[in-house]
Amino acid sequence: MGSGYGILSQGFADNKEGKIQGRYIHKKIDIAITRNGEPVAGVAVKFVMQNYSQNSNNYFENMLGETANIRSSNYPYFQIFIILDKLPYYDTSKKIKRWETFTAHNASKYLKLSQDNIDAFFHTPNKTLIYIVHIPDNERLLTKNDYMDYYKKMDFQVTQSQNSLGNCGDAVIINDYEIFREKLYHTIKAL
């Protein structure tokens, strides 16, 4: 970002999340961008690795609520939503019940969000990055422990998914981190 800017995030520098005063509540932010030590923008990161269909509405509604809380206090707020293109769905005993594929149908609410005017709707993030990744398939795995052990021991490449979600508007970027980073940079520098 340049001189005077900093990042607060777990796993980076001081290993601390930043806080932003929202309109309703203080919010710990996954990535807080600061200028001269004060927060000026936030980025939320969500990485979904299991049971997407069970929780998809909760993920989306939580995103809208936390975004409205932050943006209505005049801070730009960005969302990064990372999801596997094929992910396990566990039953209550942690057995893999089925495999889910993240499709255009699953992304429909995000595609609708992408059409929003961010200046009119504070619940819409300034930009949302949906990043769909692929890891090697192994449908022979039967339990959550099998799944975790298999991928922890495996040396594999995470790649960008080839799944297409269709066209989206300006508020959402699909599988293009570089464009998302540029939009974030210019939004913050314009403050």
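The values are calculated or read from the model by the stated rules, or taken from the named source; none is laboratory data. Computed from a predicted structure; not experimentally measured. Neighbour counts run over all protein chains shown; Cβ positions are idealised from the backbone, glycine included.
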Subject >> Residue tally, condition part of a strand (DSSP E or B), of a type outside the set (D, E, K, R) and under 21 Å from residue 1 (Cβ atoms), over the stretch 18-37 >> reply: 8
Original post:
Would the stretch 45-54 turn up any residue that is without any contact (Cβ under 8 Å) to a residue 60 or more places away in the chain, surrounded by 14 or more Cβ atoms within 10 Å (Cβ to Cβ) and in a loop (DSSP other than H, G, I, E, B)?
Top reply: yes
Subject >> Exclusive hit being among the β-branched types (Val, Ile, Thr) and under 27 Å from residue 168 (Cα atoms), set 80, 96 >> reply: 80
**OP:** Name the single residue, out of those in the stretch 168-191 being farther than 24 Å from residue 104 by Cα and among the hydrophobic types (A, V, I, L, M, F, W, C), that is modelled with the lowest pLDDT.
**Re:** 191
Original post:
Looking only at the stretch 120-162, which residues are modelled with pLDDT of 90 or more and of a type in the set (Gly, Ala, Ser)?
Top reply: 120
Subject >> Answer residue from the stretch 103-117, given it is of a type in the set (A, V, I, L, M, F, W, C) and part of a loop (DSSP other than H, G, I, E, B) and is modelled with the highest pLDDT among those >> reply: 107
Subject >> Odd one out for residue 83, checked against (1) part of a loop (DSSP other than H, G, I, E, B); (2) modelled with pLDDT of 90 or more; (3) among the aliphatic types (A, V, I, L, M) >> reply: (1)
Original post:
Among all residue pairs at least 6 apart or on different chains, which show Cβ distances below 6 Å where the first residue, located in the stretch 163-178, is of a type in the set (S, T, N, Q) and the second is surrounded by 12 or more Cβ atoms within 10 Å (Cβ to Cβ) and part of a loop (DSSP other than H, G, I, E, B)?
Top reply: 163/85
**OP:** Could you tell me whether any residue of the stretch 32-40 is farther than 23 Å from residue 83 by Cβ, modelled with pLDDT of 95 or more and hydroxyl-bearing (Ser, Thr, Tyr)?
**Re:** yes
